[in-house]
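Chemist: One structure coming up, written as structure tokens, with questions to follow.
The values are calculated or read from the model by the stated rules, or taken from the named source; none is laboratory data. None of the values given here were measured: they were computed from a predicted structure. Every residue, glycine as well, gets a Cβ built from its backbone with ideal geometry; the counts of neighbours run over all protein chains shown. Remember, those area values only see protein heavy atoms, side chains included, never the ligands or the DNA or RNA. Shrake-Rupley method; radii C 1.70, N 1.55, O 1.52, S 1.80 Å.
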Amino acid sequence: MGTLGEIVKPTFITVAPEDTLGEVAERMTAKNVGAVVVKDFGTLIGILTERDLLKAMAARVHSSEARVRQWMTVDPVTAAADTDVEEAARVMLEHGFRHLPVLDEGGQVTGVVSLRRVVGAAQTSDASL
């Protein structure tokens, strides 16, 4: 059975709450990621996802003026690196989200896993049984 620490990619984007949605959307597109970690003074305070950006666009905000803090998910659910992938999939499906920040033992973000990656790892784990 695999863990999040085994599948998380250490390349993730960190943004500040005062960044604009337009700036963040450009960075997300350039790196082909669906979620970014929002930190304030080095502390995780939120996550901003594709869905959050879509909600902002539906509200007709100006991406050059709207700030991350207005649209991010505050205090997101997180998981430890030693969480098994099946448990992570259950949590994500139960709560209805597609991105999960992964934390090390010290509480620092080591990456963000997508539901697609978690489910893929869980299926691979099941196939090897």
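Chemist: Take the conditions of a type outside the set (Lys, Arg), buried (at least 16 other Cβ atoms within 10 Å of the Cβ) and modelled with pLDDT of 95 or more and apply them to Ala35. Does it pass?
Modeler: When the stated conditions are applied, Ala35 passes them.
Chemist: Any idea how many residues of the stretch 64-86 are over 17 Å from Ala122 (Cβ atoms) and of a type in the set (D, E, K, R)?
Modeler: 4
Chemist: Given the condition on the phi > 0 side of the Ramachandran plot and either part of a helix (DSSP H, G or I) or not aromatic (Phe, Trp, Tyr) (or both), answer yes or no: does some residue in the stretch 60-67 qualify?
Modeler: Among the residues of the stretch 60-67, at least one is on the phi > 0 side of the Ramachandran plot and either part of a helix (DSSP H, G or I) or not aromatic (Phe, Trp, Tyr) (or both), which makes the answer yes.
Chemist: Identify the single condition in (1) outside any helix (DSSP H, G or I); (2) under 20 Å from Leu115 (Cβ atoms); (3) open to solvent by less than 20 Å² (accessible area, probe 1.4 Å) that Pro17 does not satisfy, given that it satisfies every other one.
Modeler: Checking Pro17 against (1) outside any helix (DSSP H, G or I); (2) under 20 Å from Leu115 (Cβ atoms); (3) open to solvent by less than 20 Å² (accessible area, probe 1.4 Å), the one that fails is (2).
Chemist: Moving on to the next point. Looking at the stretch 51-107 only, could you name the residues that are of a type in the set (Val, Ile, Thr), closer than 16 Å to Lys39 by Cβ and open to solvent by 50 Å² or more (accessible area, probe 1.4 Å)?
Modeler: Thr73, Val74, Thr78
Chemist: Can you say whether Gly46 is within 15 Å of Thr3 (Cα to Cα), of a type in the set (Gly, Ala, Ser), in a strand (DSSP E or B) and under 14 Å from the mean Cα position of the chain (by Cα), as far as the supplied structure shows?
Modeler: The answer is no for Gly46.
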